[in-house]
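S.K.: A single structure is presented below for examination.
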There are 2 protein chains.
Amino acid sequence: MAKDKKTPRPRAETPKGFRDYFGADVTMRSEMLATIARVYHRYGFDALESSAVETVEALGKFLPDVDRPNAGVFAWQEDPDHEGENAKPGDWLALRYDLTAPLARVYAQHRNDLPLPYRRYAMGPVWRNEKPGPGRFRQFYQCDADTVGAASVAADAEICAMLADTLEEVGIPRGDYIVRINNRKVLNGILEVMGLPEGDAREAVLRTIDKFDKVGEAGVRELLTKGRLDASGAFIDGVGLDADQAEPVIAFLTSKADTMAATLDNLRAAVGASAIGVQGVDELAQIADLVAAQGYGPDRIVIDPSVVRGLGYYTGPVFEAELTFEIFDEKGRKRQFGSVAGGGRYDDLVKRFTGQEVPATGVSIGVDRLLAALREKGRMQAREQGPVVVTVMDRDRMADYQAMAGELRRAGIRAEVYLGNPKQFGNQLKYADKRASPVAIIEGGDEKARGVVQIKDLILGAKIAENATLEEWQSRPSQYEVPRDQMVAKVRDIIESHADA
Amino acid sequence: MAKDKKTPRPRAETPKGFRDYFGADVTMRSEMLATIARVYHRYGFDALESSAVETVEALGKFLPDVDRPNAGVFAWQEDPDHEGENAKPGDWLALRYDLTAPLARVYAQHRNDLPLPYRRYAMGPVWRNEKPGPGRFRQFYQCDADTVGAASVAADAEICAMLADTLEEVGIPRGDYIVRINNRKVLNGILEVMGLPEGDAREAVLRTIDKFDKVGEAGVRELLTKGRLDASGAFIDGVGLDADQAEPVIAFLTSKADTMAATLDNLRAAVGASAIGVQGVDELAQIADLVAAQGYGPDRIVIDPSVVRGLGYYTGPVFEAELTFEIFDEKGRKRQFGSVAGGGRYDDLVKRFTGQEVPATGVSIGVDRLLAALREKGRMQAREQGPVVVTVMDRDRMADYQAMAGELRRAGIRAEVYLGNPKQFGNQLKYADKRASPVAIIEGGDEKARGVVQIKDLILGAKIAENATLEEWQSRPSQYEVPRDQMVAKVRDIIESHADA
């Protein structure tokens, strides 16, 4: 590489909206993904890893988040050189923005080789070309399971049961979460009963309902009718329904009753004679029966018409998993942790490619949010234990120190030799501290001659330094001298003593 | 989404050079990555997951593969909208092409918070914007471990030991692999002794040496001197050395002797009085002592000056892991499987950002090649077992069937209910066959009334159908009727009987 002294140094920065993950943040996520994969696999789902890059044509525009109209993709044009002499302009390629659009492409491409129904799970990063902001990242993990080619709502019921199992297996206890189910068809029935024509008016109502979580019942009522002044002082135009017309929509959103049966009765009354509405209520009733028969009571899975996320995107049942415990938000206010997973039925995604309608339903777990929840509840270690550090007292005896580390590792103990400049011994102990090491090993010339090693219990040492009285300090030494051949056993004892504590 | 009937359907195709991975290909790789991570972690390396996207500026041009001059990145320009009103043109962003360039950026960015030395491992896809070809993909996995900030060759020795341990832990037995070590400094010493000035002439020699694996000793001799007619009939210009001048380079490349000590003697003779050359030989001698002291004999780790891959890129020790067993290539010829990992010391990657030289050394394992090797040796199942399939005899009793699948899963058995159209029972068994299911469960109205289920052993059934005589067929039924409450136990028995076989 030619070096031009005038070239300024590159900035060492992640691009805006991207971040790096270190240590426990990586390993905890890997473990969570492995746990989720295990549950999905046990339910009969097969792994799929599609390429991160897709043609823009194949991806289409199916982003479910209608409240993020700027959401876009990272895209670039294929170099036409790759296409030979008489090259056409290159294809536009892009990073996938979710795992559902690639599934539709994969299914359409490989359908002759895949079983029908095709159950697959997929996990990995997705990318959104959005304006970055605090806590809003442009690369994040999704973890999806979908069943393609099953028209029966038994597929939806199964996914809701699986979602409940998954949350419990990653460490959210029963009672701290709830899976809520709604159905787009019921809402369609209500819009039909209202006499609202298909097209723009219905789209406007759907977009408005999607704000129910944020603006509540009164807010939606305003937005469906004359409009609303939002918190920032801006006036948001209303859909223009009159007050009476808006009521069936509000009734639908608030129709959840004390029992599943009563909720279903409310919905049945609301959809009247609408065929699609009746079908939607029947589907919810079937799902309720199916999950109940498997022992999932309303403490885990409920029918709840206030679930609106994605109602505009999905075509049938819609589900959402919410964590119900309270946390303090950044302003110190108590609030529910909220949604960590969502999904539903989307029956026309594959049709784009093949012309044939293929029923499909699935769920996506927001792994980063779920990790944050577990951290919030103190159910996940924030930092992992570092390695045992074998210090270097005599740099000519590096081979001895590496042999010690090797012995510890063969005994299954995480260990390393200090590889920085060994001159200042204090730096070696500072390094061990920065690594959160449980133990340091010291073998100078004197110890070597006597056939012993010094073993420093760094966890106990830190506790003593923090709290102890002088008597305790003297009575509880945190450094031990043991014969060289007892090193591994003593290190193991120390590490186990802290694991038990 | 507006639907225009004239819009042609999108093509359901992965972009050229990309591919999808299904089922066992995904899970086997996950398991291998987890195994490698476990070894790296035990050696004291911490996980790092940097973003897939970097600024082009931060990535720089450090691709180690000098034989792929067209290698490029997938890049695009950041939307200036994200930068506010008086936006500068957006940054150029790109997908990472390896895991080393991002490490340099991460270390430079976070160095005040990271321990020194910083040992990190990283695994994940990288992307190369190359002309796709058969078996050449533009997205593939790397799995790296690097130590930043350790000048001692003890760091290199440790990585070679770790590489040997890793290969054995993923299933390559001792004897089937060898870790070979060379040193760029020895070569520099030889070039110095030859009186070859730094600059273009040395670069040309380095580029030539990199072809040693392909063209052999005679080929390199031709390329160093007058040039060479390659296999395609094209004439490749030579470096222009005269025959005598080329000899020290050839002597270096072929200096491996029967013992490590003899190899080192050959090298010491070759570098003569060159200070850098002597330093290089000393480093190799130290590494040889360090790995020997830990019990890694020449059956696992050797000094071998014929290792040339990356000699032009690295600045000190260079290492490569090769699988030594033979396979048949696509033309049916026997050949060694070859390289699955490589690495070395690169002391000026961080300097680009900070101006300070930071020593670093590391290794990258080609996970996809390693998986291919295990598959080749029959040490990896090509297909995973499918789920137990609970068939649907009566679609009104879906809740019963889902409850059965739930019971099986709670017992740790992978299971699912058939969710396609249940009308043709034959399709359900075909589905189970396509899924490689071990067992199908059947409960029609008659069975329900009698409190029993039929359990079909599909693996035994397939074996009988393939091989059995009529007598065997009759004497070895592959379908059992058991009381409903013994379903789980019987299914477990069947699955275990095949696992033992």
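The values are calculated or read from the model by the stated rules, or taken from the named source; none is laboratory data. All of these numbers come straight from a predicted model, not from anything done at the bench. Please note: Cβ atoms are built from the backbone with ideal geometry, for glycine as well, and neighbour counts cover all protein chains shown.
S.K.: Of the residues A:361, A:354, only one is touching a strand residue (DSSP E or B) at 6+ places or on another chain (Cβ under 9 Å) and β-branched (Val, Ile, Thr); which?
M.R.: Working: A:354 fails: touching a strand residue (DSSP E or B) at 6+ places or on another chain (Cβ under 9 Å).
Only one candidate passes the filter, namely A:361.
S.K.: Could you pull out the residue among A:443, A:466, A:481 that is more than 27 Å from residue B:161 (Cβ to Cβ) and more than 41 Å from the chain's Cα centre (by Cα)?
M.R.: Every option except A:481 fails the conditions.
S.K.: Those residues that are more than 16 Å from residue B:306 (Cα to Cα) and modelled with pLDDT of 95 or more, I need them from the range B:256-273; list them, please.
M.R.: Answer for the range B:256-273, where residues must be more than 16 Å from residue B:306 (Cα to Cα) and modelled with pLDDT of 95 or more: there is none.
S.K.: Same structure again: Read through the list (1) surrounded by 12 or more Cβ atoms within 10 Å (Cβ to Cβ); (2) without any contact (Cβ under 8 Å) to a residue 12 or more places away in the chain, then give the number of the only condition that residue B:244 fails.
M.R.: (1)
S.K.: Looking at the range B:462-477, is at least one residue surrounded by 14 or more Cβ atoms within 10 Å (Cβ to Cβ) and not in a helix (DSSP H, G or I)?
M.R.: Looking for residues that are surrounded by 14 or more Cβ atoms within 10 Å (Cβ to Cβ) and not in a helix (DSSP H, G or I), one finds at least one in the range B:462-477, hence yes.
S.K.: Working only within the range A:411-429, note down all residues that are within 7 Å of chain B (Cβ to nearest Cβ) and of a type outside the set (Gly, Ala, Ser).
M.R.: A:414, A:416, A:417, A:419
S.K.: Go through the range A:184-199 residue by residue and tally those that are within 13 Å of another protein chain (Cβ to nearest Cβ) and aliphatic (A, V, I, L, M).
M.R.: 0
S.K.: For the range A:450-460, how many residues meet the condition of being farther than 19 Å from residue A:415 by Cα and either modelled with pLDDT under 90 or not in a helix (DSSP H, G or I) (or both)? Even if it seems obvious, please write down each step before you answer.
M.R.: From the range A:450-460, those farther than 19 Å from residue A:415 by Cα are A:450-451; that's our starting set.
Of the ones still in play, those that are also either modelled with pLDDT under 90 or not in a helix (DSSP H, G or I) (or both) are A:451.
Selection size over the range A:450-460: 1.
S.K.: Just to check your reading of the model, which residue among B:392, B:452, B:482 is of a type in the set (A, V, I, L, M, F, W, C) and closer than 23 Å to residue A:289 by Cβ?
M.R.: Only one candidate qualifies: B:392.
S.K.: Just checking, how many residues over the range B:192-201 are closer than 22 Å to residue B:213 by Cα and either touching a Gly at 6+ places or on another chain (Cβ under 6 Å) or crowded, with 23+ Cβ neighbours inside 10 Å (or both)?
M.R.: Residues flagged as closer than 22 Å to residue B:213 by Cα and either touching a Gly at 6+ places or on another chain (Cβ under 6 Å) or crowded, with 23+ Cβ neighbours inside 10 Å (or both) within the range B:192-201 amount to 0.
S.K.: For a quick check of your reading of the model, give me the residue pairs whose first member lies in the range B:151-165 and is without any contact (Cβ under 8 Å) to a residue 24 or more places away in the chain, whose second is of a type outside the set (Val, Ile, Thr), with beta-carbon atoms closer than 9 Å and at least 6 apart or on different chains.
M.R.: From residues that are without any contact (Cβ under 8 Å) to a residue 24 or more places away in the chain, the pairs are B:152/A:395; B:152/A:398; B:152/A:419; B:152/A:420; B:152/A:421; B:152/A:422; B:152/B:286; B:152/B:359.
S.K.: From the list A:93, A:116, pick out the single residue that is in a loop (DSSP other than H, G, I, E, B) and either at pLDDT 85 or above or more than 9 Å from every other protein chain (Cβ to nearest Cβ) (or both). Explain how you work it out, then say what you get.
M.R.: Numbers: A:93 fails: in a loop (DSSP other than H, G, I, E, B).
Checking each option against the conditions leaves just A:116.
S.K.: When you go through (1) over 23 Å from residue A:19 (Cα atoms); (2) outside any helix (DSSP H, G or I); (3) of a type outside the set (A, V, I, L, M, F, W, C); (4) at the interface with chain A (Cβ under 8 Å from one of its Cβ atoms) one by one for residue B:125, which number turns out not to apply?
M.R.: (1)
S.K.: What are the residues in the range A:151-183 that are within 11 Å of chain B (Cβ to nearest Cβ) and farther than 25 Å from residue A:267 by Cα, if any?
M.R.: A:162, A:165, listed by residue number.
S.K.: Is it the case, given these coordinates, that residue A:447 is closer than 19 Å to residue A:386 by Cβ and assigned to a helix (DSSP H, G or I)? Outline the logic, then answer.
M.R.: On the way: closer than 19 Å to residue A:386 by Cβ: no; assigned to a helix (DSSP H, G or I): yes.
No.
S.K.: To continue, here is another question. Search the range A:37-62 for residues being of a type in the set (Val, Ile, Thr) and over 30 Å from residue B:412 (Cβ atoms), and hand back the single one that is surrounded by the fewest Cβ atoms within 10 Å (Cβ to Cβ).
M.R.: Taking the candidates together, the pick is A:56.
S.K.: Let me ask something additional. Quickly run through the range A:309-335 and pick out the residues that are free of Cβ contacts under 8 Å to residues at least 40 places away in the same chain and in contact with a Lys or Arg (Cβ under 7 Å, 6 or more places away or on another chain). Steps first, answer last, please.
M.R.: Let us first name the residues in the range A:309-335 that are free of Cβ contacts under 8 Å to residues at least 40 places away in the same chain, namely A:326, A:328-335.
Selection gives A:326, A:328, A:329.
S.K.: When you go through (1) assigned to a loop (DSSP other than H, G, I, E, B); (2) modelled with pLDDT of 95 or more one by one for residue B:173, which number turns out not to apply?
M.R.: (2)
S.K.: Separate question: Among the candidates A:451, A:378, A:412, single out the residue that is surrounded by fewer than 20 Cβ atoms within 10 Å (Cβ to Cβ), of a type outside the set (Ser, Thr, Tyr), in contact with a helix residue (DSSP H, G or I) (Cβ under 7 Å, 6 or more places away or on another chain) and at positive phi. So that I can check it myself, show each step before the final result.
M.R.: Numbers: A:378 fails: in contact with a helix residue (DSSP H, G or I) (Cβ under 7 Å, 6 or more places away or on another chain); A:412 fails: in contact with a helix residue (DSSP H, G or I) (Cβ under 7 Å, 6 or more places away or on another chain).
One residue alone meets the criteria, A:451.
S.K.: Name the single residue, out of those in the range B:362-404 being small (Gly, Ala, Ser) and at the interface with another protein chain (Cβ under 8 Å from one of its Cβ atoms), that is nearest to residue B:27 (Cα to Cα). Full working, then the answer.
M.R.: Initially, the range B:362-404 is screened for residues small (Gly, Ala, Ser), giving B:362, B:364, B:366, B:372-373, B:378, B:382, B:386, B:399, B:403.
Among the residues that remain, those that are also at the interface with another protein chain (Cβ under 8 Å from one of its Cβ atoms) are: B:386, B:399, B:403.
On the way: B:386: 13, B:399: 31, B:403: 27 Å.
Among those residues, the one meeting the criterion is B:386.
S.K.: Confirm whether residue B:385 is in a helix (DSSP H, G or I) and among the polar types (S, T, N, Q).
M.R.: Here the answer is no, as residue B:385 does not meet what is asked.
S.K.: Run down B:141, B:97 and say which single residue is closer than 23 Å to residue B:56 by Cβ, assigned by TED's automatic domain parsing to the domain that holds residue B:51, without any contact (Cβ under 8 Å) to a residue 40 or more places away in the chain and under 21 Å from the mean Cα position of the chain (by Cα).
M.R.: Result of the check over B:141, B:97: B:97.
S.K.: Consider only pairs whose beta carbons are under 7 Å apart and that are at least six residues apart or on different chains; among these, list those whose first residue lies in the range B:18-43 and is within 19 Å of residue A:32 (Cβ to Cβ) and at the interface with another protein chain (Cβ under 7 Å from one of its Cβ atoms) and whose second residue is buried (at least 19 other Cβ atoms within 10 Å of the Cβ) and of a type in the set (Gly, Ala, Ser).
M.R.: Matching pairs, first to second residue: B:26/A:47; B:27/A:47.
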